[in-house]
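So the structure is just underneath, and the comments pick up after that.
Derivation of every value follows stated rules applied to the coordinates shown; laboratory data play no part. Small disclaimer: the values here were computed from a predicted structure and weren't measured. Glycine also receives a Cβ, built like all others from the backbone with ideal geometry; neighbour counts cover every protein chain displayed.
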Amino acid sequence: MLADSSLEIICTSLSGGLDFVFVLDTTGSMGDDIDSAFAYLNDFADSMEALGIDYAFGLVTYGDGWNFPHGYNLTESADTFSMWLLPIGSAGGADSPEEALDAIMAAVDSINWRTGTIRIIILITDACFCQRTSSCTWHCHSSWMPAEVRDTLLAENIILFVATPSHISCSSCAGTGTWALNWYRDIAETTGGAWFNLYSNFGAIYDSILDMIDTTENIILQFVNTETDTIETLYATINVGSCITIDSGSTIETTLTVEPGETVTFEWAIDFSSGCSGRNACFGAVIWSGSDTLRRFGCLTRSDCECPLIPVWIACPESCPQLTSCADQIMIFGV
């Protein structure tokens, strides 16, 4: 039974750190844009240090293919990351579309994200993208569909920010530039991020990113199957008070096949109205499989987030008559 399993509630905020992975289009038309994007990087790092934010940077480059020019680990040094960027040039490609979907998924799957951080991808490109069903296979080979990328970002609770021009040209084999631009805008908003014009001042873009995530927190449920049987399908949801808004992630999340002893994690990015108190700052977490249900409660006003259940029992004297639903009766509870 789920009641015999372990369920822990964890809440993280900016104090847990920010992991930024830049997914950078390095095709021939992007030279000046790359320079502009990183001219304000040290100012961005200084702003985070002033706010006491623990940050780290990573890099994925792509065009017709993708790679990790400095490996899969992040660096916590803005100076080191700036050195990583010095040899990054723009070449090749220039034959839109490019493999943006695959580069995003490579970042999700292969980067060594730090534990307990808010994970953010910043995609910078001036091109549309190909997908698995695109016919332009002579210069763009994708393993992914846009909906699969969206679902993966939501499931992994990764926030996506996108910077592109306000007009994108595209080969007819991959659809229209307008369709690609709308997808970039929608996927950013869906994951809790935002779209920016690539030709805007990047200092202002970084400031906007910090403003948006300044109130972001995560609610995490960690479930351990302590039973001897496999759970075939496990669902989880949170019901939040009026001071809490779910930023990204489906309200109901699902995991298939939880083996005995296995730990699974459900995660939601949320915004919390500071200064809020009482029940509006709290939430209920429910995990279920079939008719078997496990509940926990949490409040963002608590340092550890989780609210322990208070034991309650009926303290009515033994002579108390049998309780029914047919008439008004006095019930006395002990806490």
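Table for the structure above
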read-out: Virtual spin-label span in nm between residue 207 and residue 306, 7 Å along Cα→Cβ; value: 4.2 nm
read-out: Bins of 20 Å, starting at 0 and running to the largest distance - Cα pair percent for the chain; value: 28, 49, 18, 5, 0
read-out: Full-stretch length increase - residue 29, residue 169 - with 0.36 nm per residue and alpha-carbon distance subtracted; value: 49.2 nm
read-out: Residues in region 159-200 reached by a label modelled at residue 132 [backbone nitrogen below 18 Å; 7 Å Cα→Cβ]; value: 174-175
read-out: Formal net charge of residues neighbouring residue 307 (Cβ-Cβ distance under 12 Å; K, R +1; D, E -1); value: +2
read-out: Estimated [θ] at 222 nm from DSSP helical runs (n ≥ 4, -39500 (n - 2.57)) normalised by residues in the chain, nearest 500; value: -6500 deg cm²/dmol
read-out: Fully extended contour minus Cα-Cα distance, from residue 155 to residue 199, at 0.36 nm per residue; value: 12.8 nm
read-out: Rough spin-label spacing in nm, given labels placed 7 Å along Cα→Cβ, for residue 42 and residue 242; value: 4.9 nm
read-out: Total formal charge among the other residues, if their Cβ is under 12 angstrom from that of residue 75, Lys/Arg +1 and Asp/Glu -1; value: -2
read-out: Fully extended contour minus Cα-Cα distance, from residue 182 to residue 228, at 0.36 nm per residue; value: 11.8 nm
read-out: Built amide H within the under 5 Å cut-off of residue 270, gap 5+; value: 217, 218, 219, 247
read-out: Cα gyration tensor shape of region 14-213, rounded if a/c is under 1.5, else prolate or oblate by comparing a/b with b/c; value: prolate
